[in-house]
């Protein structure tokens, strides 16, 4: 840093520089105000006196006269420190610069420019320290003038910017650093220049000519206003610290936090149900837009149909699209296969290669030649190009060693960063977690479908037409259980015009419960065909139930007789039916509730209930009304009220209403419902 960078007037004021002019005889002819301060004598006390006698001690006068003679006689300039006598009697070291002057008449004079040696030494030290700090500091230092042009640049800032000082001087930061958004930088400097308030730690991002391809750099910039001693504004000083490593470390830590948060989010949101399509949709929703702009989940069609092996080793692969999501409106969404559709992809397709190898496929920067291997057809490739898709990643969905399909990810112009190795690891982690849920869901759906098919095969079809009787029935399996239940209903033709109405529930679930239900239904039909009373039928069923796999069951057995217009009903531990008279309010039928079947030795009683033309009787299993959070009496009262509301509805409509209003989402028990109406 050169001395010229200092304000001269301010520096002279700091030094207290004095001027003294002596004629050829050694008498003082000029005496500056600063001389008064430096030597203690007023001008009227000094002018006209011999300088050696006034300010030089006796012991130093001969040396002073010798130097005076050299300056005046030879015209040499002398500079150095000389002891002088102050008016107060003390001796002080004064820095002199003496030179000869000649006026227009040829007369000679000696000019002495002088300052207190202590002040000079202090300034010299400060300047030396400033020079050393500026030149050797690892911190970039710059001075911008009042027009925000570089006036000084130290070597550290030259290294940061990759430009020598002369390429900076006289130019603005925006002109020197095209790879940096310098507008906020210059605005901050201008604000400091105007207000005088320092600005600390302004973060600036960008690239420099020294490292144009080295990625994004970061600097911490602080601004201070520079002022002369008199308050005149000289410009702005800038301190620049390269914080790229810290910035990158913070960015890496932030990415790690976001990855962990995304994984935690996926753990909470993916696999909430045992539905394949729902699980795939949850996975796509998690990764968009946190990881990709567009995400698709495609599963091999053979996997959903449980045909093995899942992924072929070569050749084309048949995929079923399960979910597609986009983080914003984009034409890339239209390029994806819609959920539910099936597409055959050739071996050259990237998603096919992904499932063939079981390895991720990354195209960090998608080119025109890559789009045909990503899109389903040429039109889809054009859509992806218009959407600005520039990066592609496909990772396999692998569960229990089997490749189920692939998670397909794309980034478009909304996210200019390409997929990298960290993104691959994150996508693999998310895909692995989701694949297990998808695998569980597909097996659940398969087994559940088989179980429900078995259950329905054990139930009767549509109720038969019977004299004086109209009937409608429904069976619904549990919504969140893979195991079938033991609920059943039946309408049995008896001798004459009589009809048996049966609803039962085997305790427990699973194939054994369904098998027990099938046996009890068969036995019930056999005993009913013997024209036994309801009490006798339940007694026989109780005896045979003891020897079955699931020995406990409830059952309601009713015999409708149209001619007397009544029902004879016996109850083995079952919930009471609801009767809706044609000319009265709905009510629970009061019955003697016997012990469940299989307990043994139970006493069953038959009740005679009027069942006249227009009357309705609703039989059901506990899965219709029982819940964990509501008392059974409240639910029975709700059932009675809903039955009353079905008075004007058909039996089919009544079944639908009761199931819709009473069946809770996610019910874990199956339900059988039978509604009969007397037609006379």
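The values are calculated or read from the model by the stated rules, or taken from the named source; none is laboratory data. Everything quoted here is computed from the prediction, not taken from an experiment. Positions of Cβ are generated from backbone atoms using ideal geometry, with glycine treated the same way; all protein chains shown enter the neighbour counts.
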Inset, instruction - Using the structure shown, decide if residue 487 is surrounded by fewer than 17 Cβ atoms within 10 Å (Cβ to Cβ) and in the same structural domain as residue 618 (by TED's automatic domain parsing). - result: no
Inset, instruction - State whether one or more residues within the stretch 325-332 are under 30 Å from residue 668 (Cα atoms) and crowded, with 23+ Cβ neighbours inside 10 Å. - result: no
Inset, instruction - Could you tell me whether the stretch 555-562 includes any residue that is out of contact with any strand residue (DSSP E or B) (no Cβ under 6 Å at 6 or more places or on another chain), surrounded by fewer than 17 Cβ atoms within 10 Å (Cβ to Cβ) and assigned by TED's automatic domain parsing to the domain that holds residue 615? - result: no
Legend entry - In the stretch 220-237, residue surrounded by the most Cβ atoms within 10 Å (Cβ to Cβ) [restricted to those that are within 16 Å of residue 204 (Cβ to Cβ) and in contact with a helix residue (DSSP H, G or I) (Cβ under 7 Å, 6 or more places away or on another chain)]: 236
Legend entry - the stretch 263-276, residues that are in a helix (DSSP H, G or I) and either surrounded by 18 or more Cβ atoms within 10 Å (Cβ to Cβ) or touching a strand residue (DSSP E or B) at 6+ places or on another chain (Cβ under 9 Å) (or both): 266, 276
Legend entry - Members of the stretch 55-66 that are part of a helix (DSSP H, G or I) and surrounded by 18 or more Cβ atoms within 10 Å (Cβ to Cβ): 55, 64
Inset, instruction - Kindly indicate whether any position in the stretch 240-261 is closer than 30 Å to residue 199 by Cα, touching a helix residue (DSSP H, G or I) at 6+ places or on another chain (Cβ under 8 Å) and assigned to a strand (DSSP E or B). - result: yes
Inset, instruction - Determine whether the stretch 655-664 contains at least one residue that is exposed (fewer than 13 other Cβ atoms within 10 Å of the Cβ) and either assigned to a loop (DSSP other than H, G, I, E, B) or in contact with a strand residue (DSSP E or B) (Cβ under 7 Å, 6 or more places away or on another chain) (or both). - result: no
Legend entry - Odd one out for residue 497, checked against (1) surrounded by fewer than 21 Cβ atoms within 10 Å (Cβ to Cβ); (2) at pLDDT below 80: (2)
Legend entry - Of all residues making up the stretch 391-408, the number that are over 17 Å from residue 381 (Cβ atoms) and in contact with a strand residue (DSSP E or B) (Cβ under 8 Å, 6 or more places away or on another chain): 10
Inset, instruction - Among the numbered conditions (1) touching a helix residue (DSSP H, G or I) at 6+ places or on another chain (Cβ under 6 Å); (2) modelled with pLDDT under 90; (3) in the same structural domain as residue 489 (by TED's automatic domain parsing), tell me where residue 441 comes up short. - result: (3)
Inset, instruction - Kindly list the number of the only condition in (1) at pLDDT below 90; (2) surrounded by fewer than 18 Cβ atoms within 10 Å (Cβ to Cβ) that fails for residue 115. - result: (2)
Legend entry - Scan of the stretch 608-649 for residues that are touching a residue at least 60 places away in the same chain (Cβ under 8 Å), assigned to a loop (DSSP other than H, G, I, E, B) and under 25 Å from residue 478 (Cβ atoms), ordered by number: 621, 646
